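Asker: Would you mind keeping the following structure in view while I ask a few things?
Throughout, read-outs are computed from the coordinates displayed, never taken from laboratory work. Note that the structure is predicted; figures quoted are calculated from it, not measured. Virtual Cβ from ideal backbone geometry, glycine too; neighbours counted across all protein chains shown.
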Amino acid sequence: MSVTITLPDGSQREYDDGVTGYDVASDIGPRLAKAAVAVTVDSEMYDLMRPIDHDAAVAIVTEDTEAGRHVIRHSAAHIMAQAVLEMFPGSTFAIGPAITDGFYYDFSVEEPFTPEDLSRIEKKMNDIVAADQRFDRDELSIDEAKEAFADHPFKLEIIEGVDSDEGVEDGSVSTYRNAEFVDLCRGPHLPSTGRLKAFKLMRSAGAYWRGDESNPQLQRIYGTAWESSKALAEYLTRLDEASKRDHRKLGAELDLYSFPNELGSGLAIWHPNGGILRKVIEDYSRRTHINGGYEYVVTPHVAKADLWETSGHVNFYTEGMYPMMELDGDGDKPGQGYYVKPMNCPGHILVYRSRARSYRELPLRLFELGTVYRYERSGVVHGLMRARGFTQDDSHIFTTEDDLADELQRLLDFVLMVLRDFGFEEFEADLSTRPEKFVGDVNLWKKAEEYLATSLDNAGLPYQLAPGEGAFYGPKIDIHIKDAIGRRWQLSTIQVDFAQPENFELEYTTSENTKTRPVMIHRALLGSVERFVGILVEHYAGAFPMWLAPVQATIVPVADRHNEYAHEVGEALRAAGLRVEVDTADQTVGEKIRQAITHKHPAVLVVGDDDVANKSVGLRMRGEDKDTRGVPLDDAVERLAGEAEPPR
C-alpha cells in the first residue's frame, strides 16, 4: 500500500505505507532532514520517526522555528527530570512543560535545590545527551499507567484526573521512554537525547502543586534550550540586556515610581517624574480618543454585587476579584454587597442604558481612563507588568451588526496608529476563541470569531489562533509588539461581545422602528497605563523620546553668577511648553552634566559668561559627545520645542 503526502506548497508525493516525517524530509533534501525535529500530519504534531499510515497534509517542523524550539525545550525538560530522579533518590516529579524561551519541571525533594545542585544536574544532563538515548513513544492502559507510576503520586493524580495535556485520554495514556526513564507525555520529542544541542539551567524556586497554595510546595527548576550554541548565547545576551532594562530597577534610578510594602503587593505609588510621564501618556490618550470620535465618561470604582452578577463576573471571574464588601446603612438594604470593579464594561453598559437609543446614534464609542482592581496571586505579581490596581484606556463601542465589520477595521487602524506613535513598528496578533467557561450562544460566538478573523485578514496583520483563550463573554484579538531587544509583548485587545447586550437587555430603535440588540466591542489600546509604562521603560531603557521624557531639558549654570540667566533660559523654555529643570546645586559643571545624562534627560543647556552677554546657550542633545557653543537662545527654544512636539 502507499500513502499520498501533500506538502505545504501543494505538491504531492507517493510513499510506502509507514513512511516517517524524517523520510519525507530526507527525500526533500539533506539540509531539511538535518534541521527537522518533528512533523505536522493534518495539523497534528508527530514525532519525526512516527509512521504515517494514511494520506495526509504534511509539513516539516525545523529546529529554528517556535514550534521546533517547543519540541527541543519539551525534550530538555524530560532530560532534566531524568537527571534529577537519578541524582536525588526518593524524589518525585510533577509537571514539566515548555514555556516561552525555556522550560521548567516541578519536583518534590527533601531539600530545596542549591546553585551547586543545578550545576551538577546540568552536568548529568550533558551525560544523558552524550549517551544519545532514543525517545520511544508508547500507549498504556490506565491500569498499566498506574502501575508504571505507582511511586509518583503527582503522576497518579494526573492519570486519575484524565489530563489530556499530559497525555492522558479516556482509557489510555501516552508515555515517552528514554533508557530507564519514563514520563507521561503527548509529545512530540526529539528523535534522541543527542539532538539536544544547547541548554542551560537558570534558577530554582518554590511552586505550589497546581498553583494552589493549599497544595504541597514543590521545587521548580527553570531552564532554557535552543537549536544551537549561538542561539543560546544570543538569548543569554538578550537576557543580560533585559536585566539592565528592568523597569523596577530603572523606575527607582529615574525616580518614577516605587512599590512600598506598606501599600500592599501589586500596588505602585507614582513619584513626580513618574506622575508627569503618566500624565503625558494619559493626555495623549484622551486627545487621540476624542479626535477619533469617542465620548469621555467616568464610572465609579465600586458597584453593587447585583451588577456583577448580571454581567457574569461573579460566576466566571470571581477568582480575579477582591472579596465582596457587605454594607448596611445609607439607603442600602442589610447585607448589601459591593465589589471593587475588576473591569469597566458594566459601567459603560449603564451609560448606554441610561436612555433610549436610536440607530442614528450608533456606533456609540465610550472611553474612560478607568482604574480597576484584580486579585492577582502574589507569585505572579511583577512590578508594573502584573499589578493588582491599574488604569485602562478602556473603550466600549455599541454598534449595529451591519456596521460591525467596518468598525473593527477602523479599530485595527486606530490601534496600529497609536502604537506607532509610541515607537513600535513590528506587530503580530492572536485570535483567542471561546473558552470552556463562557456566557452566550455558541452560534453567536462563532459569528464573532468570524468577524474578528476577517478584520485581521483585511488588515494584512499576521496572526495565530489561541484556542480557548477568549474572555468569558467574547472572543478577542490580542495585538503583540516587539520591543527594542526583540521581546514580544501583548498590548491592545479587541473583543466582540454578543452576550452582554443580551444579559443587560440592551436595545436600540432601528430605521424600521423596531427594537433590536446592539453588538458590543470591548477594547483597550495600551492595555493598562501601568503595564504600558513598564514596557516603555524597558523598550527605551529609560531614555524616552523627547515628547515623553518627564524632564526634557536641564539648564546648567557654570557659576553662581550665571544662575539668574539660567532661570531666564528655563522660563523661555517653559513658555514654549517644555518641561525644564534648572540645576543650581553646589556641584561642578561636569557633575551636573553627568547627572543629567544619567537621568537620561534629552537636552542639556550650559550657560556661562559669553551666553549671558550674547543671549545664547551651549546645547548638548542626548547621544552627542559635546555641546554646541553659542547657540542663540531663540534658536535653541525653537529646536527643542519642535523636537518635544507630541505625535498628534
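Asker: Which FRET efficiency value, to the nearest 0.05, is calculated for Ala613 and Asp560 with the Förster distance at 25 angstrom and r the Cβ-Cβ distance?
Answerer: Numbers: r = 17 Å, r/R0 = 0.68.
My answer for the efficiency is 0.90.
Asker: Considering only Cα-Cα distances, which of the following residue pairs are longer than 26 Å: Lys34/Lys230; Lys592/Lys626; Lys304/Lys446; Lys341/Lys437; Lys230/Lys626; Lys249/Lys600?
Answerer: On the way: Lys34/Lys230 17 Å; Lys592/Lys626 14 Å; Lys304/Lys446 32 Å; Lys341/Lys437 21 Å; Lys230/Lys626 38 Å; Lys249/Lys600 14 Å.
Cα-Cα > 26 Å for Lys304/Lys446; Lys230/Lys626; rest within.
Asker: Here's another thing I want to ask about it. Between the alpha-carbon centers of segment 18-87 and segment 621-644, tell me the distance in whole angstrom.
Answerer: Each part reduced to its Cα centre gives a spacing of 58 Å.
Asker: So, one more: Stretch Thr454-Asp421 to full length: gain in nm at 0.36 nm per residue minus the Cα-Cα span?
Answerer: Numbers: separation 33, 0.36 × 33 = 11.88 nm, distance 2.54 nm.
Stretched out fully, the Thr454 to Asp421 stretch lengthens by 9.3 nm.
Asker: Now, a different point. From a point 7 Å beyond the Cα of Asp246 in the direction of its Cβ, which residues of segment 387-411 have a backbone N at a distance under 13 Å?
Answerer: It comes to no residues whatsoever.
Asker: Moving on to the next point. Separation between the Ala484 and Leu267 pseudo-spin-labels, each 7 Å from Cα along Cα→Cβ, expressed in nm?
Answerer: 3.3 nm
Asker: So how do Asp101, Asp586 line up by other beta-carbon neighbours within 10 Å, fewest first?
Answerer: Details: Asp101 17, Asp586 6.
Taking fewest neighbouring Cβ atoms as first place, the list is Asp586, Asp101.
Asker: Under a 5 Å amide H to amide H cut-off, with H placed in plane at 1.01 Å, what residues pair with Arg388 once short-range neighbours are removed?
Answerer: Distant-sequence amide H within range of Arg388: Leu267.
Asker: Any idea what the relative contact order of segment 257-540 is, in percent, if you count C-alpha pairs under 8 Å spaced at least 6 apart?
Answerer: Values: 517 pairs, mean separation 54.0, N = 284.
Reported relative contact order: 19 percent.
Asker: Just in segment 232-292: which GluC sites (Glu not before Pro) are loop by DSSP and have at most 15 other Cβ atoms within 10 Å? Provide the component values of the computation, followed by the final result.
Answerer: Working: sites: Glu234, Glu241, Glu253, Glu262, Glu282; in loops: Glu262.
Sparse-neighbourhood loop GluC sites (Glu not before Pro): Glu262.
Asker: While we're looking at this one, here's another question. Compute the FRET efficiency between Thr310 and Thr584 as 1/(1 + (r/R0)^6), taking r as their Cβ-Cβ distance and R0 = 60 Å, and round to the nearest 0.05.
Answerer: Values: r = 59 Å, r/R0 = 0.99.
For R0 = 60 Å, the calculated efficiency reads 0.50.
Asker: Spin-label point model (7 Å from Cα, Cβ direction): what's the Glu319 to Leu239 distance in nm?
Answerer: 2.9 nm
Asker: Please find the FRET efficiency linking Glu502 to His301, where r is the Cβ-Cβ separation and R0 is fixed at 22 Å, and quote it to the nearest 0.05. Could the numbers behind the result be given before it?
Answerer: Numbers: r = 26 Å, r/R0 = 1.20.
It comes to 0.25.
Asker: Scan segment 540-648 for GluC sites (Glu not before Pro) in coil per DSSP, keeping those whose Cβ has at most 16 other Cβ atoms within 10 Å, and list them by number. Spell out each step's value before the answer.
Answerer: Values: sites: Glu564, Glu568, Glu571, Glu581, Glu591, Glu624, Glu638, Glu643; in loops: Glu624.
When the GluC sites (Glu not before Pro) of segment 540-648 are filtered for loop state and at most 16 Cβ neighbours within 10 Å, Glu624 remain.
Asker: What are the DSSP H helices in the chain that stretch 27 Å or more along their long axis, judged by alpha-carbon atoms, and whose average Kyte-Doolittle hydropathy comes to at least -0.5? Kindly include the intermediate steps, with their values, before the conclusion.
Answerer: On the way: long enough: 66-87 (31 Å, 0.17); 272-291 (28 Å, -0.91).
Passing helices, by number: 66-87.
Asker: Say each of Leu465 and Ser229 gets a label point 7 Å from the Cα, pointing the same way as Cα to Cβ; how far apart are those two points in nm?
Answerer: 4.1 nm
Asker: Then there is this: In segment 482-578, which chymotrypsin sites (Phe, Trp or Tyr not before Pro) fall in coil by DSSP and have 12 or fewer other Cβ atoms within 10 Å? Write out the running numbers ahead of the final one.
Answerer: Details: sites: Trp489, Phe498, Phe504, Tyr508, Phe532, Tyr540, Trp547, Tyr565; in loops: Phe498, Phe504, Trp547.
Hits after loop and neighbour filter: nothing returned.
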